[in-house]
Amino acid sequence: MTYIVGDSCIKCKLMDCVEVCPVDCFYEGENMLVIHPDECIDCGVCEPECPVEAIKPDTEQSLEKWAELNAKYAALWPNITVKREPPADSKDWEGKQGKEALFSPNPGQGD
Ligand code: SF4
Ligand code: F3S
């Protein structure tokens with residue numbers, strides 16, 4: 001199994017998760033992060049670190065689409081291991097529905 005970043009991360013992008021991952025398997029897009037499924041060791045440490053509960057184990061229902069998205073973009077985006085300032089409007093997006101439509105396929109800056 002692996003852990004997966006879901007749509008709650010979009011535009012919140014708090015980056016608390018990257019600081020705790022023992023294997024540095026987070027990858028950065030323009031407005032969210034993803035986890036590399038082949039690098040994640042399923043330790044679960046990141047799940048409670050995300051303030052908007054965007055990180056879930058892939059054993060949860062209805063995450064197939066996000067599992068595919070994490071795998072696809074982890075191979076394309078740069079690695080991130082150091083937290084930076086979240087977007088200035090990060091708080092405004094907490095708990096918002098329909099963020100999936102705002103997903104950006106563009107890469108983030110990485111470390
Ligand atoms: Fe990293 Fe562990 Fe989270 Fe996987 S479950 S992304 S290894 S902190
Ligand atoms: Fe996203 Fe939560 Fe990490 S908002 S960047 S999964 S701490």
Practice item. Might you check whether a residue that is at pLDDT 95 or above, loosely packed, with under 13 Cβ neighbours inside 10 Å and within 22 Å of residue 1 (Cα to Cα) occurs anywhere in region 89-100? Key: no
Revision key, fill the gap. Per the filter on region 79-111, residues more than 26 Å from residue 40 (Cα to Cα) and among the charged types (D, E, K, R) are 89, 91, 92, 96
Check your understanding: What number of residues within region 43-74 are open to solvent by less than 80 Å² (accessible area, probe 1.4 Å), more than 10 Å from ligand 2 (Cβ to nearest atom) and of a type outside the set (D, E, K, R)?
Key -> 12
Check your understanding: Just one of the numbered conditions (1) out of contact with any Pro (no Cβ under 6 Å at 6 or more places or on another chain); (2) more than 9 Å from ligand 1 (Cβ to nearest atom); (3) touching a residue at least 12 places away in the same chain (Cβ under 8 Å) is not true of residue 68; which one?
Key -> (3)
Exercise for review: Look at region 1-20 and say how many of its residues are part of a loop (DSSP other than H, G, I, E, B) and open to solvent by 20 Å² or more (accessible area, probe 1.4 Å).
Suggested key: 3
Review point. Given the conditions (1) closer than 21 Å to residue 111 by Cα; (2) part of a helix (DSSP H, G or I); (3) of a type in the set (Asp, Glu), and given that residue 39 satisfies all but one, which numbered condition is not satisfied?
Key: (2)
Check your understanding: Here are some conditions: (1) in contact with a His (Cβ under 7 Å, 6 or more places away or on another chain); (2) near ligand 1 (Cβ under 7 Å from one of its atoms). Residue 42 meets all but one. Which one does it not meet?
Key -> (1)
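The values are calculated or read from the model by the stated rules, or taken from the named source; none is laboratory data. In this text the structure is predicted, and so the values were computed from the model without any measurement. Positions of Cβ are backbone-derived with ideal geometry, glycine not excepted, and every protein chain shown enters the neighbour counts. Heavy atoms of the whole protein, side chains included, go into the accessibility calculation; ligands, DNA and RNA do not. Shrake-Rupley method; radii C 1.70, N 1.55, O 1.52, S 1.80 Å.
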